[in-house]
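Below is one structure, written out as structure tokens; the observations come after it.
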Amino acid sequence: DGVFYTRTGNLLTSLAQTLFYSPTVFNYFSPDYTIPGTTLLGPEFGLMTTGTSIARANFANTMIYTGINVSGVNVPVGTRYNFAEMQALAAADATGNQLLDALDYKMMHNTMSPQMRSTILTAVTAIPASNPLARAQQAVYLIMTSSQYQIQR
């Protein structure tokens with residue numbers, strides 16, 4: 001159904017990844033793309049520009065805070081992240097440490113730097129502990145849009 005494609009396709013096109021239209025068998029990444037100013041091969045950087053970095057933050061915001069609501073024949077009911085587990089952790093620990101421990105493990109394989117953790121923890125604890133959903137959403141959004149999350153070493 002075109003409704004699902006239109007809703008998701010528009011988001012992904014802004015990331016230079018048009019749904020179902022990969023330009024090569026290597027997906028959206030040219031295997032021989034060289035990072036400008038270096039001799040390093042970095043296929044994923046062929047798509048990462050100043051424009052797509054903003055589009056990635058917007059995509060993360062949509063998926064985390066509203067999801068994609070679609071309806072129609074033969075389409076999913078919608079796509080969104082289920083925050084139940086992270087919301088429970090945020091509710092159980094007002095310090096935010098259990099939430100960040102879990103997200104560091106699940107999203108970053110325990111590679112979050114101390115500086116990043118401190119910054120995110122400050123932002124999370126600025127939200128009242130009585131709103132664990134907002135705390136969980138804030139933490140996931142900040143991790144997803146961070147340079148440490150988007151660049152693997």
Range of Cα positions in the range 104-153 per principal axis (Å), largest first: 36, 17, 16
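Calculate the FRET efficiency for T49 and S118 from the Cβ-Cβ distance with a Förster distance of 35 Å, rounded to the nearest 0.05. Spell out each step's value before the answer.
Values: r = 29 Å, r/R0 = 0.83.
Calculated transfer efficiency: 0.75.
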Whole-angstrom gap from the range 94-151 to the range 49-67, using each part's C-alpha centre: 17 Å
Calculated FRET efficiency for the pair N82/H109, C-beta based, R₀ 22 Å, to 0.05: 0.60
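Rule-based calculations on the coordinates, nothing more; no lab input. Because the structure is a prediction, the values reported are computed rather than measured. Cβ atoms come from the backbone with ideal geometry, glycine included; neighbour counts cover every protein chain shown.
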